[in-house]
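Data block below; observations after.
The values are calculated or read from the model by the stated rules, or taken from the named source; none is laboratory data. All values reported here derive from a predicted model rather than from experimental measurement. We place every Cβ from the backbone using ideal geometry, glycine too, and count neighbours over all the protein chains shown. All accessible areas refer to the heavy atoms of the entire protein, side chains included, with ligands and DNA or RNA removed. Shrake-Rupley method; radii C 1.70, N 1.55, O 1.52, S 1.80 Å.
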Amino acid sequence: MSLNPTKTATPVEIAQAFSSHRFEEALPYIADDIVWSLVGDEPVLGRETVEKVCRESAGYLADVTTEFQRFRTVVGGDSVVVDSLARYTEAGGDVSVVASCDIYDFVDGRITEIVSYTIEIDA
């Protein structure tokens with residue numbers, strides 16, 4: 001399901017779009033001073049840098065088939081958590097399975113912080 005460009009999206013819709021790699025739909029709702037903490041890596045700071053990382057990821061994923069085996073959303077106050085398990089199949093047939101949990105904080109309808117935990121597990 002895509003976000004409706006004619007109405008303001010809810011935090012749940014925005015978080016689900018981002019976590020399901022529909023970055024272009026979610027990017028308009030990112031705060032200028034966003035902090036994206038990719039646990040185990042350096043944080044991604046600022047809207048422009050987050051947009052760059054998202055577009056690079058989207059480019060990589062363009063030739064990859066993504067199948068979500070689990071996609072669960074939990075809402076609490078101004079935060080949304082998306083827990084997922086995804087199977088990625090590359091054009092050459094290589095498969096990886098990744099468990100992830102993204103925690104989104106919102107202020108005035110914009111993502112101000114994301115904390116992402118990801119781990120590749122045995123396919």
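The phi-based Karplus calculation (6.51 cos²θ - 1.76 cosθ + 1.60; θ = phi - 60°) puts the 3J(HN,Hα) values of segment 35-43 at 10, 10, 8, 9, 3, x, 10, 5, x Hz, whole numbers, x for Gly and Pro. In order along segment 77-85, the Karplus-derived 3J(HN,Hα) couplings, from 6.51 cos²θ - 1.76 cosθ + 1.60 at θ = phi - 60°, round to x, 9, 10, 10, 10, 10, 10, 9, 10 Hz, and Gly and Pro are given as x. Counted residue by residue at 0.36 nm each, then reduced by the alpha carbon distance between them, the extension gain from Lys7 to Thr118 reaches 36.8 nm. Other residues lying with their Cβ under 11 Å from the Cβ of Val115 contribute a combined charge of -3, Lys and Arg counting +1, Asp and Glu -1.
Rounded to the nearest 500, the 222 nm mean residue ellipticity of the chain from helices alone is -6500 deg cm²/dmol, with -39,500 (n - 2.57) taken per DSSP H run of at least 4 residues. Projecting the Cα atoms of Phe18, Gly93, Gly46 onto the charge dipole of the chain (Cβ charges, centred on the Cα centre) puts Phe18 farthest toward the positive pole.
Solvent exposure of the chain amounts to 59 Å² per residue of accessible area, where only protein heavy atoms count and the probe is 1.4 Å. Tally up the carbon and sulfur contribution to the accessible surface of the chain as a whole percent, 1.4 Å probe, everything protein left in place. So the carbon and sulfur contribution to the accessible surface is 51 percent.
Counting 0.36 nm for each residue step from Val64 to Glu24 and taking away their Cα separation leaves a gain of 12.7 nm.
The largest-to-smallest principal axis extents of the Cα set in segment 31-123 are 42, 27, 23 Å. Sorting 84-95, 44-55 by average packing, meaning the other beta carbons within 10 Å per residue, from highest down gives 44-55, 84-95.
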